[in-house]
Amino acid sequence: MRDRPGALRVGSFRGVPIRVHFSLLIALPLLALAFGGTLQRAAEAADVPPSALGGHPWAWGLAVAVGLFVSVLLHEMAHTFYALRHGGEVHGITLMIVGGVSELAEVPKRPRDEALMALVGPLTSLGLAAFLGALTWLVHGLGMFQVQFALFTLAMLNAVLGGFNLLPAFPMDGGRIVRAALTPRLGLVRATKVAAGLGRLFAVLFGVWGLVTLNPFTLVVAFFVLMGAEGESRQVRMKAVLEKVQVEALMTPRMVGVDLDLSMQDAHWALRHEHVSMLPVTSTGRPVGRVTWAAVQAVPEAQRGSYVVRDAMEDGVVADLREDGWAVLRRMAEARVPMAAVVDEDGLLAGTLDWNDIQRGLARAEEAERQRSGTGWPRERTA
């Protein structure tokens, strides 16, 4: 599986990649400075001399910052573990400036399992808060002020992390719990709409609070909450529509691609003729890859006649006419390929499917649904 842009893979958990986003590298030194400054002020208030801290305050600040993101990682690993055990699919865990995210490709099927999957993350954070709080109490009076400060700070941060994620709004874990509770009565789409609406409300509240307190981090959180709520609502709506539409109704019919043994000059003219940025590469009519405009442009014009398409083609995604649009879109997203080659029952090229085709299909499906209902989207029937 390909790594996410801007993120570095640092390990894996039960086969799920763990990545660190570049924004975390920005956050760590800033948090180290903030926690180090807090330690200095706390030591001065407690009449603890700098020589008794056992190291520079910024070093201890960095230790607390690293401990915070380890706590976030444990929170996300709890989600991942439960999801994998109950039919979910997780593509990765990414740590970033605002915390962490488990990239769920498929949530557990039963609403109860989704609710419990969401709940185990905050419970893990609150459990860590209790454990670190107990360690803080144990080291009290042992003359290790810096250790006590680090443990107490991490305990408080985990308590805040657990409490924040229980807020009943997307994209926080509490939003998933709300959706799971409402799904049996409202259906998945309307339950998601309610949870996403709560997410937008909290995003506005965070934004106002950030402006009033002049806190840039709160404004960043407000932005990510808003984007997360919008993204979740849009994805669920898209899934509900595309699962009912076959690829045959979405694709652009295309019987001929670019043959494997043609020259790059031929590929250049085919792309220009079709007014597209990529085309399927075929061998005896069957798709075997794709050729892109960028690959053609990478070959000097004078040499395109001597280069063949097979030397520049890239891997592609192949879809069947009878597949549903959502299944193919997922495969395209996982492979980071913007176009799928569609084949008929004999494996021959029948068309292509790209994002423009999907957008047109969504628009047609939604318009047809509105015409049938007369008053917008109907309430979903429960299973």
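The values are calculated or read from the model by the stated rules, or taken from the named source; none is laboratory data. What you see is a predicted model; the values in this text were computed from it and never measured. Glycine gets a Cβ as well: all are built from the backbone with ideal geometry, and neighbour counts include every protein chain shown. Accessible surface areas use protein heavy atoms only, side chains included; no ligands, DNA or RNA. Shrake-Rupley method; radii C 1.70, N 1.55, O 1.52, S 1.80 Å.
Of everything in the range 83-111 that's in a helix (DSSP H, G or I) and touching a Pro at 6+ places or on another chain (Cβ under 8 Å), which residue is least open to solvent (accessible area, probe 1.4 Å)? Among them, the one singled out is Ala83.
Considering the conditions (1) open to solvent by less than 40 Å² (accessible area, probe 1.4 Å); (2) under 31 Å from the mean Cα position of the chain (by Cα), Thr282 is excluded by exactly one of them, (2). Residues of the range 33-47 include at least one that is open to solvent by less than 30 Å² (accessible area, probe 1.4 Å) and free of Cβ contacts under 8 Å to residues at least 60 places away in the same chain. If you go through the range 163-173 and pick out every residue that is open to solvent by 20 Å² or more (accessible area, probe 1.4 Å) and touching a residue at least 12 places away in the same chain (Cβ under 8 Å), you end up with 6. Annotation note: of Leu135, Leu119, the sole residue that is in a helix (DSSP H, G or I) and closer than 24 Å to Phe170 by Cβ is Leu119.
Residues of the range 60-75 include at least one that is open to solvent by less than 20 Å² (accessible area, probe 1.4 Å) and farther than 22 Å from Thr38 by Cβ. Filtering the range 326-373 to residues that are small (Gly, Ala, Ser) and either open to solvent by 50 Å² or more (accessible area, probe 1.4 Å) or assigned to a helix (DSSP H, G or I) (or both) leaves Ala327, Ala333, Ala335, Gly361, Ala363, Ala365, Ala368, Ser373. Selection of first residues in the range 235-248 that are more than 18 Å from Asn356 (Cβ to Cβ) and of second residues that are of a type in the set (Val, Ile, Thr), restricted to Cβ pairs under 8 Å at least 6 apart or on distinct chains, gives the following pairs, ordered by first then second residue: Val236/Val189; Val236/Thr192; Arg237/Val189; Arg237/Thr192; Ala240/Val189. Considered as a group, the residues in the range 299-325 that are out of contact with any strand residue (DSSP E or B) (no Cβ under 9 Å at 6 or more places or on another chain) and surrounded by fewer than 17 Cβ atoms within 10 Å (Cβ to Cβ) include one that is farthest from Gly92 (Cα to Cα), and that residue is Ala302.
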